[in-house]
Amino acid sequence: MNLFAYFHDKIAAEIAALGFALDTSRMSVEPPRDPAHGDVSANAAMVLAKGAGMKPRDFAEKLRPRLAKLDHVTAAEVAGPGFINLRLDNEFWYARLAEILRVGPAYGDSTAGQGRTVNVEYVSANPTGPMHVGHGRGAVVGDALAALLHKTGHAVTREYYVNDAGAQVDALARSVYLRYRQALGETVGEIPEGLYLGEYLIDTGATLAQRDGKKWLGKPESEWLAPVREFAIEEMLTLIRGDLERLGIEFDVFASERKLVKAGAIEHAIAELEKQGLIYVGTLEPPKGMLPDDWEARPQTLFRSTAFGDDVDRPIKKVDGSWTYFAADIAYHWDKYKRGFADLIDVWGADHGGYVKRMQAVVKALTQGKAALDVKLCQLVNLSDGGQPVRMSKRAGNFVMLRDVIERVGKDVVRFVMLTRRNDQTLDFDFAKVVEQSKDNPVFYVQYAHARARSVMRLAAQHFGADELTPTALAHGPLNLLADADEIALVRHLAQWPRTVEGAAQMHEPHRIAFYLQEIAASFHALWNKGNADAGLRFVVEGKRDLTRARLALVQAVAFVIASGLKVIGVTPAEELR
């Protein structure tokens, strides 16, 4: 139960009962910024008073007495320009605690998405080598977002776009051919400029030599380029799939750019834009900051993206008449829409920031506004070890491989840490700190909270029968014995989990889940520490069986909510920490 959605409906019903026919969808109901102001805050008066022909404060005062009579409301107060704050009795919170125990880790699941189809495309690294740590951040953000949308009732498709057409895969083929010759005993010397330097290609060249022998030696490029390119792409995708598996990520669809190009998808998409009069031949102004003598104005085939909010119109053809990368991406997003996706989410690296407006413009144009594209840009990951920068991998050529990071600290650590900052903020990843067992390490702090809760339950099992500690039994226990202010505050916080999930899904912000889990862990650890200082506040109190059962209900609820959140992130909850 999203308690704030529940009270939204209750308040809307009371407004209607007053005789007002108002659009209450604009009304927000949420936790007050200051907990001292109550449990639920509504801005109904500020957004609806004008339609009611009243001043906000007067509207709020008219509504307040009706809200004060709602079940479990102990007080309704008007604050500031017309906020209405509600205070709820403890019975309401005991009911929420029982609900968590009944539902278990599925608590927070909702039908808010109403089965709406969503395509989440992420990673989509060029198939030219293994994934680097920057790809890893996009992978975690995309995968957690997909899980979040699934939890809120969306029909989610996880998609990887394989850029297997264009100059970069030709360069890959030439790089592999060079290593192939090397595997057959030739001296290749210095790697030519424009080819890939990574030593991982030594193995790829050797595998090709083992498969084909000397078949391609001495042959012109026109004969070996296509078959070597196909082989190289498959080998690189095998590397990438291995990296994804290490991170616990599976995709529903691997979409091929090359197949789209061969099927004429670019021509079809451009033809669709031409029907709307959005393709024309023209010249562009020089890019900002470029000197006039550096710029050669020439006619180009352009998409009229300025008609949809972009800064300038965008070329879809190169000087030689071939399609630009933008044209291929137009075809790809048009293809996603034709496959039934009106909600499109792309997770890109920060270096694609200048590409966002044009893609959003063309999606709006192609679908006539029926589809929406949201792009999540992931900023860089700064790797360090005890404060010292981590050097690039020689084997990779010019980056730190994701698999090396996973092997050093583990999948769960990588996934959690990648969500400890907003995706649009640079992330500092210090090997020493992310494995440190302290409250300053959010991964440890949250996992420790779950492990501590499980430890309490194992200890309690020594004193209670198994039937008394089932979630169902705990839900029917004497929950009203929870009377300490911090115990009730923790229940309140746990009860905000459904709203947190729905809000994070709506805003496409999976980092909110990691933030919330850190807050729950902090509250739980603080309650544990109170018990250390006062034996009467411990979770297991000798001689007070009913009180202990009530507190164990709270402990189990904490474990369920943390497990629910960690599942979204893709992290296995720790049963114990050593």
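The values are calculated or read from the model by the stated rules, or taken from the named source; none is laboratory data. This one's a predicted model, so the numbers in the text were calculated from it and none came from an experiment. Don't worry about glycine lacking a Cβ; one is built from the backbone with ideal geometry, like all the others, and counts go over all protein chains shown.
A compact table of results
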{"read-out": "Output for the stretch 202-242, where each listed residue is hydroxyl-bearing (Ser, Thr, Tyr) and either in contact with a helix residue (DSSP H, G or I) (Cβ under 8 Å, 6 or more places away or on another chain) or within 30 Å of VAL123 (Cα to Cα) (or both)", "value": "THR204, THR207, THR238"}
{"read-out": "ARG358, sole failed condition from (1) assigned to a helix (DSSP H, G or I); (2) under 30 Å from ALA155 (Cβ atoms); (3) without any contact (Cβ under 8 Å) to a residue 40 or more places away in the chain", "value": "(3)"}
{"read-out": "Filter pass, LEU178 being hydrophobic (A, V, I, L, M, F, W, C), buried (at least 17 other Cβ atoms within 10 Å of the Cβ), free of Cβ contacts under 8 Å to residues at least 40 places away in the same chain and over 20 Å from TYR122 (Cα atoms)", "value": "yes"}
{"read-out": "Test: residue in the stretch 533-554 that is closer than 26 Å to GLN425 by Cα and either assigned by TED's automatic domain parsing to the domain that holds PRO442 or in contact with a His (Cβ under 6 Å, 6 or more places away or on another chain) (or both)", "value": "no"}
{"read-out": "Failed condition for ARG211, given (1) buried (at least 18 other Cβ atoms within 10 Å of the Cβ); (2) under 27 Å from MET401 (Cα atoms); (3) not aliphatic (A, V, I, L, M)", "value": "(1)"}
{"read-out": "Those helices (runs of 4 or more DSSP H) lying entirely in the stretch 434-527 with at least 2 residues surrounded by 20 or more Cβ atoms within 10 Å (Cβ to Cβ) and more than 23 Å from the chain's Cα centre (by Cα)", "value": "442-461, 471-475, 485-495"}
{"read-out": "Positions within the stretch 326-366 being under 21 Å from GLY136 (Cα atoms) and among the acidic types (Asp, Glu), in sequence order", "value": "ASP346, ASP351"}
{"read-out": "Residues of the stretch 320-338 that turn out to be without any contact (Cβ under 8 Å) to a residue 60 or more places away in the chain and surrounded by fewer than 17 Cβ atoms within 10 Å (Cβ to Cβ), as a count", "value": "4"}
{"read-out": "Only one of LEU577, LEU554 that is over 25 Å from MET418 (Cβ atoms) and under 30 Å from the mean Cα position of the chain (by Cα)", "value": "LEU554"}
{"read-out": "Where a residue in the stretch 362-379 is over 17 Å from PHE326 (Cα atoms) and outside any loop (DSSP other than H, G, I, E, B) and its partner, wherever it lies, is of a type in the set (A, V, I, L, M) and at pLDDT below 95, with Cβ under 6 Å and at least six apart", "value": "LEU377/ALA350"}
{"read-out": "Output for the stretch 181-201, where each listed residue is surrounded by 15 or more Cβ atoms within 10 Å (Cβ to Cβ) and without any contact (Cβ under 8 Å) to a residue 24 or more places away in the chain", "value": "GLN182, ILE191"}
